[in-house]
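The structure under discussion appears below in the form of structure tokens.
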Amino acid sequence: MRERAGRPTPPARALARRLASAEVALSARAALCLSLPLVVGYVTGRHLDAILFDIGALWAVSQDGLDQWARRGPRMLAVAAAAALGVACGGAVATRSDAALAVALCYAAVALVAGFVEATFGATAGAYLIVGATLGVGLDPEGRVLLTAGLMAAGALWVWAVARVMNLRRRRANQRAVLAAAFDDLAGLARAVGTPAFHARRGGAVASLDLAQDVVSRPNGTPVGDALFAALVVALRAGEAVSYLEGRGQGADASLVEALEEVARHLRAGETLHALAHLERLAGDEALAPAARRALAPPSADELARAGAVVSTHRATRPEVPVRERLRFGAILAVAVVGADLLGVALHGPHAFWLPMSVVFILRPDLGPLMARALARTLGTVLGVGVAALVARLGHSQVDLIVLSCVMAAVVPPAQRRGNVAAVVAFTPLVFVFLGLAASAQSLFVTRIVDTALAAALVLVLDGLLWTTAPSRRPEALVAAARASLARYAAAAGADPATRHLARRAALRALARARAATRSTRGELRGARRGVTGARRELDALEAEVDATTVRLLERPVG
């Protein structure tokens, strides 16, 4: 998109930009990727192949997003590879004469590997490896094992290819969008300095800066690319300046808030080259605190080069889990999946895949409190049954399925941004419809609800007995990690600004993880709530210490 000087944007063009926003484009891509293969299946008469292709596409759509392609692309490829491998394993053992024993052994082996991968924060690859295995067993693709696995992999690769092409065309627009959101959040945070709302709003601002840091490319020598990265550096500085003002007990000047909002408006209008102009003029305002003036000054070429070398990617925001805890989760997942398989076989006979599949989705370690996951999966299945029953009642024609997939796929991306519960409620109906039609299981609608409820109960009982949360992800361990992260920030005296910003935000990120863990204990069944109130008080004190440390570092004499 061409960068323009700051002339007004006509209403029609503003509406067109709104409709072409990154969020709308993401929903449109999801709808296209799921509906087009079904159209092809309708025209060619290969309905089953189209549905299998679309299952793979749907799983890849669930991993699409607005984050950097270097993160998003491999995540979708992981779905293609892991799901295809899992389907091949499950399908191969499902066709054996001793299928019951072979399936249980297959689940145990695959779940052990998948759980280890999931706990290593390769959650996507691990989850879809074991989900693929359960689906391969349920479909029982005798004589079509490799074809079924290949169709699902091709569906995921189709989504990856479309996203890749659109990413090449929209990467600058996406970077502007996330930067604009970060500046808006910083403006809101600056406005809340000195009020009780400050700490409540800071988590959102840190998350916005993390996303901007992940999406914005390093400087590449082009005017627009360098201007975007300069805006990121200024956003990082502004976050530090706001922390400084909170630590000093000083309110943010209204002109600072307005300037941050002005940057967001310029970025949304596509005026990257002029986005920081108002901030640069404000940097000379003697009424502002010195820390704020330094934050708003244009970054030097040397600072941009240093920041480009040290600004982290998503790998730096990913907490590490010890190997023994990864193995522990793999073993727990294997026990849960095999137990669900045995229960499913006892209730329904061979190829009872819905119960173990539900266990896998509920037991994922990266989706928040377990109770919320169990309720969301059960609610999603109830909704999915309703949608599937409606499609079946209407004759589940291919045209009905195309329209349904188009509408529901478009809902999945915004639902994912709302959180895990909304994502499950939007995602599960499509999964249920596709799998139900592919496996000719329309008569099992109520059974699917019962199986999901049993899976939720099984996981909750297992959690109560073994506490499935890894020890290093429990509240007391995360509070200790936040203390250590704050100590590393305090030791950043004399570091360059980019390194200092990262250390401060790492401390805030660790505090946010610890707060989330303490909040989640209120909704869990286990009795591991001792000390949570004290942990919250300590986290409040640690967050205040972050701001006090910022004041000390910024007021430290230079040289």
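The values are calculated or read from the model by the stated rules, or taken from the named source; none is laboratory data. All of these numbers come straight from a predicted model, not from anything done at the bench. All Cβ positions, even for glycine, are placed from backbone atoms using ideal geometry, and neighbour counts span all protein chains on display.
Does residue 177 satisfy the criteria of being in contact with a helix residue (DSSP H, G or I) (Cβ under 8 Å, 6 or more places away or on another chain) and under 30 Å from residue 86 (Cβ atoms)? Even if it seems obvious, please write down each step before you answer.
Values: in contact with a helix residue (DSSP H, G or I) (Cβ under 8 Å, 6 or more places away or on another chain): yes; under 30 Å from residue 86 (Cβ atoms): no.
So residue 177 fails the test.
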**OP:** Would you check which residues across the stretch 332-365 are free of Cβ contacts under 8 Å to residues at least 24 places away in the same chain and at positive phi and list them?
**Re:** 349
Original post:
Between a first residue in the stretch 280-295 that is in the same structural domain as residue 252 (by TED's automatic domain parsing) and outside any loop (DSSP other than H, G, I, E, B) and a second residue that is buried (at least 21 other Cβ atoms within 10 Å of the Cβ) and among the aromatic types (Phe, Trp, Tyr), which pairs have beta carbons less than 6 Å apart while being 6 or more apart in sequence or on different chains?
Top reply: 291/244
Original post:
Do we have any residue at all in the stretch 237-260 that's of a type in the set (D, E, K, R), under 26 Å from the mean Cα position of the chain (by Cα) and either modelled with pLDDT of 80 or more or farther than 21 Å from residue 554 by Cβ (or both)?
Top reply: yes
Original post:
Restricting attention to the stretch 250-278, which residues are among the small types (Gly, Ala, Ser) and part of a helix (DSSP H, G or I)?
Top reply: 254, 255, 259, 264, 277
Original post:
Filtering the stretch 355-380 down to residues that are surrounded by fewer than 17 Cβ atoms within 10 Å (Cβ to Cβ) and modelled with pLDDT of 75 or more, which residue is farthest from residue 113 (Cα to Cα)?
Top reply: 379
Subject >> Yes/no for residue 521 being part of a helix (DSSP H, G or I), surrounded by fewer than 18 Cβ atoms within 10 Å (Cβ to Cβ) and modelled with pLDDT under 80 >> reply: no
**OP:** Output the qualifying pairs, or none if there are none: Cβ atoms under 9 angstrom, residues six or more apart or on different chains, first residue in the stretch 179-203 and on the phi > 0 side of the Ramachandran plot, second residue surrounded by 22 or more Cβ atoms within 10 Å (Cβ to Cβ) and outside any helix (DSSP H, G or I).
**Re:** 194/252
Subject >> Close pairs (9 angstrom Cβ cut-off, 6 or more residues apart or separate chains): assigned to a helix (DSSP H, G or I) in the stretch 128-139, acidic (Asp, Glu) anywhere >> reply: 129/118; 130/118; 134/341; 137/341
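Select, from 242, 224, 234, the only residue that is in contact with a Leu (Cβ under 8 Å, 6 or more places away or on another chain), part of a helix (DSSP H, G or I) and either free of Cβ contacts under 8 Å to residues at least 40 places away in the same chain or surrounded by fewer than 20 Cβ atoms within 10 Å (Cβ to Cβ) (or both). Steps first, answer last, please.
Numbers: 242 fails: either free of Cβ contacts under 8 Å to residues at least 40 places away in the same chain or surrounded by fewer than 20 Cβ atoms within 10 Å (Cβ to Cβ) (or both); 234 fails: either free of Cβ contacts under 8 Å to residues at least 40 places away in the same chain or surrounded by fewer than 20 Cβ atoms within 10 Å (Cβ to Cβ) (or both).
The match here is 224.
Okay, residues lined up against (1) farther than 21 Å from residue 139 by Cβ; (2) without any contact (Cβ under 8 Å) to a residue 60 or more places away in the chain; (3) surrounded by fewer than 21 Cβ atoms within 10 Å (Cβ to Cβ):
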position	(1), (2), (3)
32	yes, no, yes
38	no, no, no
46	no, yes, yes
52	no, no, no
57	no, no, no
67	yes, no, yes
71	yes, no, yes
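Answer yes or no as to whether residue 176 is at negative phi and at pLDDT 85 or above. Step through it out loud before you land on a result.
Numbers: at negative phi: yes; at pLDDT 85 or above: yes.
In short, yes.
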**OP:** Would you mention how many residues in the stretch 386-412 are in contact with an Asp or Glu (Cβ under 6 Å, 6 or more places away or on another chain) and either at pLDDT 75 or above or farther than 27 Å from residue 455 by Cα (or both)?
**Re:** 1
Original post:
Could we say that residue 383 is aliphatic (A, V, I, L, M), assigned to a helix (DSSP H, G or I), more than 15 Å from residue 456 (Cα to Cα) and at pLDDT 75 or above here?
Top reply: yes
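Out of the residues in the stretch 88-140 that are polar (S, T, N, Q) and surrounded by fewer than 23 Cβ atoms within 10 Å (Cβ to Cβ), which is nearest to residue 323 (Cα to Cα)?
Going residue by residue through the stretch 88-140, those that are polar (S, T, N, Q) are 95, 97, 120, 124, 134.
Filter once more, so that each one left must be surrounded by fewer than 23 Cβ atoms within 10 Å (Cβ to Cβ): 95, 97, 120.
Working: 95: 35, 97: 37, 120: 8 Å.
Taking the candidates together, the pick is 120.
A quick yes/no check of all residues on (1) assigned by TED's automatic domain parsing to the domain that holds residue 216; (2) at pLDDT 90 or above; (3) within 15 Å of residue 162 (Cβ to Cβ); (4) among the aromatic types (Phe, Trp, Tyr):
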{"site": "17", "(1), (2), (3), (4)": "no, no, no, no"}
{"site": "29", "(1), (2), (3), (4)": "no, yes, yes, no"}
{"site": "39", "(1), (2), (3), (4)": "no, no, yes, no"}
{"site": "42", "(1), (2), (3), (4)": "no, no, no, yes"}
{"site": "45", "(1), (2), (3), (4)": "no, no, no, no"}
{"site": "56", "(1), (2), (3), (4)": "no, yes, yes, no"}
{"site": "67", "(1), (2), (3), (4)": "no, no, no, no"}
**OP:** Find all pairs meeting these conditions: Cβ atoms under 6 angstrom apart; at least six residues apart or on different chains; first residue within the stretch 152-177 and hydrophobic (A, V, I, L, M, F, W, C); second residue not in a helix (DSSP H, G or I).
**Re:** 163/64
